[in-house]
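Student: Mind having a look at this structure? Questions to follow.
The values are calculated or read from the model by the stated rules, or taken from the named source; none is laboratory data. Since the model is a prediction, treat every value here as computed from it, not as a measurement. Cβ: placed from backbone, ideal geometry, glycine included. Neighbour counts: every protein chain shown.
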Amino acid sequence: MALLLGACGSDVKTAAPTTPTPNPPTPTANFSVTSSGVVNGTLPTTYTCDGESKSPPFAWAGAPANTVEYALLMSTVPTVGATKYSWVLYGIPATVTSIATGTAAGTVGQADDGAGTNYAPPCSQGPGLKQYTIQVFALSAAGRVTSTPLQTTGAALLDAIRSITLATATLSVNVNRTQAMINCGYVRASVTPWRAATGVEVTCDSTYAAIASTGIQSRHVMMRGIRATNQQVPIPQNFTGSNAWRIPPTPVVSATKTSALDGPIGIAVNGVPIFNPCKQGGCSGPGGGDTKVLGELDDCNGHAGRADDYHYHAAPTCLMSEQGAAYWDTHPVGWALDGYAIFGYRNPDGTTATRDAGCGGNTVTHANAPAGYAYHVTDVSPYVLSCFHGNPSPDLAGQSAKFSPLRPPGTPMPSTNMTLETSATALAIGGTSTLRWENANRRYQIRYTRTAAACWTFEFQTDGVITGTSAYCRAR
């Protein structure tokens, strides 16, 4: 029997290796994503820039059995432009099937609108109904995203997982942003640079933007340079909760203008109230009752009133010095009680602001503020505004209820070389502040210590000799 040997280069053919046919994807009809935070198809403001900006909770179920990991995208298609991604999550383990409010899973990629590797809460530029889509992708393999989180945009993630997507679960939600929400967002954004230092906060509802604060700050000096004192001192106030300052989020032009003759007219972005120029009781008497003309204001145009409350009576120049001059051309320095913004000395284009003969504002379009009207500070009385262009909030008529005097008013006297030694620590419980001044070659001093949330002790000195002590607690 002859043996046939196949030589190299012969025409004998060998069978080509076969590629296994992939298993068909597991049926995906049951793969779904839900959210306990969604109410009747609408995403509440808690999860938007008008609320707490928290990321929503999501849960998913029914993924294919061979799922290795998940990815999640939250996106919207704007009226103009490409798809925007509010949340980009990938590398979510297959064992994870839910995300709680304010948390994430896996790796967070690059969201749009400057959010970075974070959740970008819905925050449309204009009012109206917008739809957002949440997609959860069940993936057959892991580690396909090789770019850094900052490089992993929503579009980049879709490209990376396209060939390994077994199934997709989709949820559509609506976000209805009103003009009141947008305007309240302006108020909230305006106080952001001062939140950490002063504790000023903004909450919004359909009726008011409520600015809560303790009515005091320690980033700039207070009381220095006052030439006529009433022997009051700055202490924290209780402008919180139901006693917060209420600002209408959608100002309404008033047919009959309301005069601003006495008391608070607005609140600065650091949480300190802004008063009209006049002494308590109105603009009459010597100097027209103008506190600035009478030397009753410090170098920052503020002083302590009869409730030992610090407030401004003119442009809050020391507050304004904390930012570059151009900042106040486009960012409010405060908010009037009728809901219109108070800006610096100039219009948005940098030109000196014009002030109408009515209330002291103009109709120039301003960024970061409600449309239609805005006030501007000036160094000429009435310094901020002379009347309200819009309908003021009830806080104008009910201003006296905002303040709770701690002690009897002091005796007015001329003063020189007034200084206040204080700080955030000194104003806190257990801390001590000291007000010093001179008059007729005599030295005066008030040392006051905070002993509880609403209680203080006072020590009065003249020429280094203690002349009296007292203790007071505020009723509310």
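Student: Applying the selection to the range 77-98, what residues are closer than 15 Å to Leu158 by Cβ and polar (S, T, N, Q)?
Tutor: Thr83, Ser86, listed by residue number.
Student: Further question: Considering every residue within the range 287-297, establish whether at least one is of a type in the set (Val, Ile, Thr) and free of Cβ contacts under 8 Å to residues at least 12 places away in the same chain.
Tutor: No, the range 287-297 contains no residue that is of a type in the set (Val, Ile, Thr) and free of Cβ contacts under 8 Å to residues at least 12 places away in the same chain.
Student: Right, another one. Of the numbered conditions (1) at negative phi; (2) assigned by TED's automatic domain parsing to the domain that holds Ala196; (3) of a type outside the set (Ser, Thr, Tyr), Ile429 satisfies every one except a single condition; which is it?
Tutor: (2)
Student: For Ala71, are the conditions met, namely being outside any loop (DSSP other than H, G, I, E, B), modelled with pLDDT of 95 or more, surrounded by fewer than 19 Cβ atoms within 10 Å (Cβ to Cβ) and among the small types (Gly, Ala, Ser)?
Tutor: Here the answer is no, as Ala71 does not meet what is asked.
Student: Hand me the list of helices (runs of 4 or more DSSP H) wholly inside the range 115-204 holding 1 or more residues that are under 30 Å from Pro64 (Cα atoms), out of contact with any helix residue (DSSP H, G or I) (no Cβ under 7 Å at 6 or more places or on another chain) and not assigned by TED's automatic domain parsing to the domain that holds Glu322.
Tutor: 154-161
Student: Could you check how many residues of the range 85-110 are within 26 Å of Gln179 (Cα to Cα) and either modelled with pLDDT under 95 or in contact with a helix residue (DSSP H, G or I) (Cβ under 7 Å, 6 or more places away or on another chain) (or both)?
Tutor: Residues meeting the conditions: 1.
Student: Tell me, which residue of the range 317-327 that is free of Cβ contacts under 8 Å to residues at least 60 places away in the same chain and either hydroxyl-bearing (Ser, Thr, Tyr) or under 14 Å from Ser190 (Cα atoms) (or both) is surrounded by the fewest Cβ atoms within 10 Å (Cβ to Cβ)?
Tutor: Applying the filter and picking the extreme gives Tyr327.
Student: Can you find a residue in the range 358-374 that is more than 26 Å from His220 (Cα to Cα), in contact with a strand residue (DSSP E or B) (Cβ under 6 Å, 6 or more places away or on another chain), aromatic (Phe, Trp, Tyr) and at pLDDT 95 or above?
Tutor: yes
Student: Can you name every residue in the range 93-114 that is part of a loop (DSSP other than H, G, I, E, B), free of Cβ contacts under 8 Å to residues at least 60 places away in the same chain and among the polar types (S, T, N, Q)?
Tutor: Hits for the range 93-114 are Thr95, Thr97, Thr103, Gln110.
Student: Still on this model: Counting residues that are of a type in the set (A, V, I, L, M), which strands (runs of 3 or more DSSP E) fully inside the range 243-318 reach at least 2?
Tutor: In the range 243-318, 253-259, 264-268 are the strands (runs of 3 or more DSSP E) which contain 2 or more residues that are of a type in the set (A, V, I, L, M).
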